[in-house]
């Protein structure tokens, strides 16, 4: 990469994919703003480790506080980044968490928290950075979803619902922002044994499992399968780098990474065809095509 370092905002970098993405991009000379909530309390150790890494390896990596569920926190973080760097080239929407249990056991309050992080958190961040990207005439919104964003998995219903919603939003951005020279891309990891597997919530209304029989054990079986995965999470960080290095306008809408992906890839191929037919039927194919700066003059 030549010239000015691209500025990258990454959410949820205290561990897992987010941490690996931050390290990988910083080592490739991107200017990385690694964000996490509770940077000075609960996640103080994780923040300190990233800061020490940056100092040790002379990386252009800054750790700042950002809670994707709070409007003020999102706005403050984005303003701080723009004040320091003058721009934001890439937003990696990685922050997320999951509920692993039968749908009936999940309370409405839990479901709202699930959607607030995995869906509304993405909406907040995108709304905050898009004015900056539109002024620049370029940008990339990269959404870390899941194979569960395309499949209905028993024992993961609320998590699937949150990722389904996020993917619908991300794909719509793809069409609506194309004329602005801004890409919207979805990354769909398979099962990886990252720290998120140890942070999964269960339904708070456990008594609702009564009468489910064998199905009551399904959530724990699914979780066991995730924890037993031997896939290397660094694959996700490497794919993020690959997507970022792909020229604007040539990126795919969806990238599936990891095991068990053939079914998801078949769904993606079919929906690509159907979406193309839909855009054509409404007469908006041209409006939804990516336009580089030279074509917008």
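Every number here is computed from the coordinates shown, using simple stated rules; none is lab data. None of these values were measured; they are calculated from a predicted model. Reconstructed Cβ throughout: ideal geometry from the backbone, glycine too, with neighbour counts over all protein chains shown.
Could you give P(r) for the stretch 50-145, binned at 10 Å from zero, as whole percent values over all Cα-Cα pairs? Using 10 Å bins, I get a P(r) of 14, 38, 30, 13, 4 for the stretch 50-145.
Let me make sure I get this right: for the stretch 1-98, a, b and c are the square roots of the gyration tensor eigenvalues over alpha carbons, sorted descending. Under 1.5 in a/c it's rounded, otherwise prolate if a/b > b/c, else oblate. Which is it? It is oblate, given that a/c is not under 1.5 and a/b is not larger than b/c.
Kirkwood radius and radius of gyration were both taken over the C-alpha atoms of the stretch 191-297, and their ratio Rg/Rh is 1.13. Extents of the stretch 87-138, largest first, come to 46, 15, 10 Å (Cα atoms, principal axes, whole angstrom). Among 113-119, 103-109, the peptide with the highest mean count of other Cβ atoms within 10 Å heads the list, and the full ranking is 113-119, 103-109. Placing a label point 7 Å from the Cα of residue 198 along the Cα-to-Cβ direction, the residues of the stretch 212-241 whose backbone N falls under 16 Å of that point are 224, 226-229, 233.
A Cα-only calculation for the stretch 53-211 places Rg and Dmax at 17.4, 58 Å. Taking the DSSP beta bridges with both ends in the chain, the antiparallel portion is around 0 percent.
Measuring nothing but alpha carbons in the chain and taking Rh as the Kirkwood radius, the Rg to Rh ratio lands at 0.97. Between the alpha-carbon centres of the stretch 209-261 and the stretch 50-76 there is a gap of 25 Å. Dividing the mean sequence gap of close Cα pairs (under 8 Å, 6+ apart) by how many residues the stretch 7-296 holds gives a relative contact order of 20 percent.
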